[in-house]
Amino acid sequence: MRPLRDRHDDQPAFVMHTYPYRETSLIVEAFTAGFGRVAMVARGAKRPRSELRGLLNAFQPLALSWAGAAELKTLIRAEWRGGMPLPGGSALLCGFYLNELVLKLLAREDPHPALWAQYEAALLALTMHAHAGDQAAILRRFELKLLAELGYAMPLTREQDTGAPIEPAERYHYAFDRGPQRHAAEPDARWPVVRGETLIALATERYPDAQTATEAKRLMRTVLDHYLEERRIFSRRVVQDLQALDEEGETS
């Protein structure tokens, strides 16, 4: 038997998405610690007696082995690493939102080990924090880390033009690819306007009130949409609606 080319064994990974391939197989989009996003075919995974059946689900810590030189690899083995409870309820929806961001913003086979560790930490944190405000803060942290890993780090503590510290009471135009400007000479209509207090909250990961948390969410949505370039995040609306219901329940 000829040896498989470009084989990688027991790589820590999470499944981002699966979809059918032919009659009995699946295409698996995985986010791996050492190789970034990897697409692979899981042959026979839909057969009732397949060892892969029940393993290739989102949010389960896995060790994957695969081989192949083409863009679509061949999955050889999957093993459950354990050690993490599965998210449920709103945490589950937040997890799907993270998966969509990874799938739509990360190129395949572009390693981001720090972001992978942040993703794993975010999943664990989501399962431990049921409060909508806590979950929103976890999402903002991951969004900022994702943008930074892609080379789009968001300046949050100083004005882009002058280098002056951000003033909490001031309002700023947030220019894509540049950062906050207090007095933009020619502000783009797409640039969001945001309070300095919200920029500081994002930088410190502390959201003192609902207004700041909501404005931070809107800013991050606008910035992410800029880089997504018309690719929609379908889980976002569901997460936002559910968090709004949670917040209404607490104040009623």
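The values are calculated or read from the model by the stated rules, or taken from the named source; none is laboratory data. Please read all numbers here as calculations on a predicted model, not as lab measurements. Note: ideal-geometry Cβ built from the backbone for every residue, glycine included; neighbour counts use all protein chains shown. In case anyone asks, the SASA skips ligands and DNA or RNA and just uses the protein heavy atoms, side chains included. Shrake-Rupley method; radii C 1.70, N 1.55, O 1.52, S 1.80 Å.
Residues being in a helix (DSSP H, G or I) and either of a type in the set (Lys, Arg) or crowded, with 20+ Cβ neighbours inside 10 Å (or both): count how many of those fall in the stretch 198-211.
4
In the stretch 212-230, what count of residues is obtained for those that are open to solvent by 40 Å² or more (accessible area, probe 1.4 Å), in a helix (DSSP H, G or I) and charged (D, E, K, R)?
Residues that pass the stated criteria total 4.
How many residues are out of contact with any Phe, Trp or Tyr (no Cβ under 6 Å at 6 or more places or on another chain), in a loop (DSSP other than H, G, I, E, B) and not acidic (Asp, Glu) if we restrict to the stretch 1-49?
Qualifying residue count for the region: 17.
Got a number for residues in the stretch 46-66 being without any contact (Cβ under 8 Å) to a residue 40 or more places away in the chain, surrounded by 13 or more Cβ atoms within 10 Å (Cβ to Cβ) and not polar (S, T, N, Q)?
Qualifying residue count for the region: 5.
Considering only residues that are in a loop (DSSP other than H, G, I, E, B) and either modelled with pLDDT of 90 or more or aromatic (Phe, Trp, Tyr) (or both), which ones fall in the stretch 88-112?
Across the stretch 88-112, the qualifying residues are 106, 107, 109, 110, 111, 112.
What residue, among those in the stretch 67-89 that are in contact with a Ser or Thr (Cβ under 6 Å, 6 or more places away or on another chain) and crowded, with 16+ Cβ neighbours inside 10 Å, is farthest from residue 119 (Cα to Cα)?
68
Mind checking which pairs have a first residue in the stretch 153-180 that is over 24 Å from residue 209 (Cβ atoms) and in contact (Cβ under 8 Å) with a residue 40 or more places away in the chain and a second that is open to solvent by 70 Å² or more (accessible area, probe 1.4 Å) and of a type outside the set (A, V, I, L, M, F, W, C), Cβ under 9 Å, 6 or more apart or different chains?
176/152; 176/190
With 195, 158, 182 as the choices, which residue is open to solvent by 20 Å² or more (accessible area, probe 1.4 Å), more than 30 Å from residue 88 (Cβ to Cβ) and at pLDDT below 95?
None of the other options fit; the residue is 182.
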